[in-house]
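Undergrad: Below: one structure in structure tokens.
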Amino acid sequence: MELFLEDEKPLLSPLPATCFELSDWKTATVQFNYHISVDKMLYSVPYEYIKKKVDVKIIDNTIEIFYNHNRIASHRRLKGRPGQYSTVTAHMPEDHQKYLEWNGDRFRKWAEQIGINTYHAVNAILTSKRVEQQTYRSCMGLLKLAEKYSDTLLEAACKKALSYTSSPSYKSIKNILVTSSKKLRSETDRIESTHKAHGITRGADYYRR
């Protein structure tokens, strides 16, 4: 004991602060949404590594991701319902980070103010990708079309797009507006004039009084 205390103990390193944990290692490919799938859960990595193969260290409560032996991401391990996402803001491209203050409900409420068909179109775009944030740019672009063409024309274009498919894209709706805006305008004007001709001109409020 005296020999150990005097000669050996001063040379020893302190014990680790945490207990040793067994780990599993897997290889994964970074998806186009800058996430990898591990046991049916999704974890983000810096978007620069899209399509790269990475090594994943899995322990009970932590997921660590390595590229060329360098750790590029670490996450608390997700448990429970499959399909959950762990996303670090810094891993997102800049154009995705612009919409962090937005969410799906906010886009839906904005679309609903324009019309029911615009609402259905925006909802279809929001659910078209596994990571909702990747659709925000398209939703913003779609709703901004109302400023250029009017709420009425955007609603008509969304209605026409939905007659072709239940999942229209921003590009398809924009194309309808670009190529058919005059036709849509004449159709909506005709509908409005028909309603005025056959409607109660004094309105419901007059008869309530």
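The values are calculated or read from the model by the stated rules, or taken from the named source; none is laboratory data. No experiment lies behind these values; they were computed from the predicted model shown. Here the Cβ positions follow ideal geometry from the backbone for every residue, glycine too, while neighbour counts run over all protein chains shown.
Undergrad: Consider the range 155-171. How many of its residues are surrounded by fewer than 16 Cβ atoms within 10 Å (Cβ to Cβ) and assigned to a helix (DSSP H, G or I)?
TA: To start, the set of residues in the range 155-171 that are surrounded by fewer than 16 Cβ atoms within 10 Å (Cβ to Cβ) comprises 163-167, 171.
This time we only want the ones that are assigned to a helix (DSSP H, G or I), so: 163-164, 171.
Qualifying residue count for the region: 3.
Undergrad: Just checking, how many residues over the range 122-132 are modelled with pLDDT of 90 or more and in a helix (DSSP H, G or I)?
TA: Of the residues in that region, 5 qualify.
Undergrad: Let me ask you something else. Kindly indicate which of Thr152, Thr135, Thr118 is at pLDDT 95 or above, surrounded by 12 or more Cβ atoms within 10 Å (Cβ to Cβ) and either out of contact with any strand residue (DSSP E or B) (no Cβ under 6 Å at 6 or more places or on another chain) or not hydroxyl-bearing (Ser, Thr, Tyr) (or both). I'd like the intermediate steps shown before the answer.
TA: Numbers: Thr152 fails: at pLDDT 95 or above; Thr135 fails: at pLDDT 95 or above.
Thr118 is the lone residue from the list that is at pLDDT 95 or above, surrounded by 12 or more Cβ atoms within 10 Å (Cβ to Cβ) and either out of contact with any strand residue (DSSP E or B) (no Cβ under 6 Å at 6 or more places or on another chain) or not hydroxyl-bearing (Ser, Thr, Tyr) (or both).
Undergrad: Could you tell me whether the range 105-117 includes any residue that is closer than 30 Å to Ala161 by Cα, touching a residue at least 12 places away in the same chain (Cβ under 8 Å) and not in a helix (DSSP H, G or I)?
TA: Looking for residues that are closer than 30 Å to Ala161 by Cα, touching a residue at least 12 places away in the same chain (Cβ under 8 Å) and not in a helix (DSSP H, G or I), one finds at least one in the range 105-117, hence yes.
Undergrad: Here are some residues: Arg81, Arg108, Arg77, Arg71. Which one is within 26 Å of Ala146 (Cβ to Cβ) and among the basic types (Lys, Arg)?
TA: Working: Arg81 fails: within 26 Å of Ala146 (Cβ to Cβ); Arg77 fails: within 26 Å of Ala146 (Cβ to Cβ); Arg71 fails: within 26 Å of Ala146 (Cβ to Cβ).
Testing whether each residue is within 26 Å of Ala146 (Cβ to Cβ) and among the basic types (Lys, Arg) leaves just Arg108.
Undergrad: With (1) more than 30 Å from Met41 (Cα to Cα); (2) β-branched (Val, Ile, Thr); (3) under 17 Å from the mean Cα position of the chain (by Cα) as the list, and Ile173 as the residue in question, which single condition is left unmet?
TA: Only one criterion in (1) more than 30 Å from Met41 (Cα to Cα); (2) β-branched (Val, Ile, Thr); (3) under 17 Å from the mean Cα position of the chain (by Cα) is unmet by Ile173, namely (3).
Undergrad: Scan the range 4-23 and tell me whether some residue there is surrounded by 12 or more Cβ atoms within 10 Å (Cβ to Cβ), assigned to a strand (DSSP E or B) and free of Cβ contacts under 8 Å to residues at least 40 places away in the same chain. Can you show your working first?
TA: Filtering the range 4-23 down to residues surrounded by 12 or more Cβ atoms within 10 Å (Cβ to Cβ) leaves 23.
Restricting the remaining residues to those that are assigned to a strand (DSSP E or B) gives none.
Checking the range 4-23: not a single residue is surrounded by 12 or more Cβ atoms within 10 Å (Cβ to Cβ), assigned to a strand (DSSP E or B) and free of Cβ contacts under 8 Å to residues at least 40 places away in the same chain.
Undergrad: From the list Val38, Val30, Val54, exactly one residue is touching a residue at least 12 places away in the same chain (Cβ under 8 Å), within 21 Å of Asp95 (Cα to Cα) and not basic (Lys, Arg). Which is it?
TA: Only one candidate qualifies: Val30.
Undergrad: A further question on this structure: Can you pull out the residues in the range 175-209 that are within 30 Å of Thr127 (Cα to Cα) and either assigned to a loop (DSSP other than H, G, I, E, B) or modelled with pLDDT of 95 or more (or both)?
TA: none
Undergrad: Kindly indicate the residue of the range 24-47 that is within 15 Å of the chain's Cα centre (by Cα) and outside any strand (DSSP E or B) and also surrounded by the fewest Cβ atoms within 10 Å (Cβ to Cβ) among those meeting that condition. Show your work before the answer.
TA: As a first pass, look at the range 24-47 and keep what is within 15 Å of the chain's Cα centre (by Cα): 31-35, 42-44, 47.
Within this subset, residues satisfying the condition of being outside any strand (DSSP E or B) are 31-34, 47.
Numbers: Gln31: 15, Phe32: 12, Asn33: 19, Tyr34: 24, Tyr47: 17.
Within the range 24-47, the match that is surrounded by the fewest Cβ atoms within 10 Å (Cβ to Cβ) is Phe32.
Undergrad: Is there a residue in the range 58-65 that is touching a Lys or Arg at 6+ places or on another chain (Cβ under 9 Å) and closer than 18 Å to Val131 by Cβ?
TA: So the first thing to find is which residues in the range 58-65 are touching a Lys or Arg at 6+ places or on another chain (Cβ under 9 Å), and the list is 58-65.
Applying the additional criterion that residues be closer than 18 Å to Val131 by Cβ yields 63, 65.
Scanning the range 58-65 turns up at least one residue that is touching a Lys or Arg at 6+ places or on another chain (Cβ under 9 Å) and closer than 18 Å to Val131 by Cβ.
Undergrad: Mind listing just one residue for me: the one in the range 53-103 that is among the aliphatic types (A, V, I, L, M) and assigned to a strand (DSSP E or B) and, of those, surrounded by the fewest Cβ atoms within 10 Å (Cβ to Cβ)?
TA: Pass one, the range 53-103, residues among the aliphatic types (A, V, I, L, M): 54, 56, 58-59, 63, 65, 72-73, 78, 88, 90, 92, 100.
Filter once more, keeping what is assigned to a strand (DSSP E or B): 54, 56, 58, 63, 65, 72-73.
On the way: Val54: 18, Val56: 21, Ile58: 15, Ile63: 21, Ile65: 23, Ile72: 18, Ala73: 23.
That would be Ile58.
Undergrad: Suppose we keep only residues that are among the aliphatic types (A, V, I, L, M) and more than 21 Å from the chain's Cα centre (by Cα) within the range 55-85. Which one would you say is farthest from Gln31 (Cα to Cα)?
TA: Step one: of the range 55-85, the residues among the aliphatic types (A, V, I, L, M) are 56, 58-59, 63, 65, 72-73, 78.
Filter once more, so that each one left must be more than 21 Å from the chain's Cα centre (by Cα): 56, 58-59, 63, 65, 72.
Values: Val56: 14, Ile58: 19, Ile59: 22, Ile63: 17, Ile65: 14, Ile72: 15 Å.
Residue satisfying both the conditions and the ranking: Ile59.
Undergrad: Report, by residue number, each residue of the range 84-104 that is farther than 23 Å from Leu145 by Cα and either in contact with a helix residue (DSSP H, G or I) (Cβ under 6 Å, 6 or more places away or on another chain) or in contact (Cβ under 8 Å) with a residue 12 or more places away in the chain (or both).
TA: Initial filter on the range 84-104 (farther than 23 Å from Leu145 by Cα): 84-93.
Those that are farther than 23 Å from Leu145 by Cα and either in contact with a helix residue (DSSP H, G or I) (Cβ under 6 Å, 6 or more places away or on another chain) or in contact (Cβ under 8 Å) with a residue 12 or more places away in the chain (or both): Gln84, Tyr85, Ser86, Thr87, Val88, Ala90, His91, Met92, Pro93.
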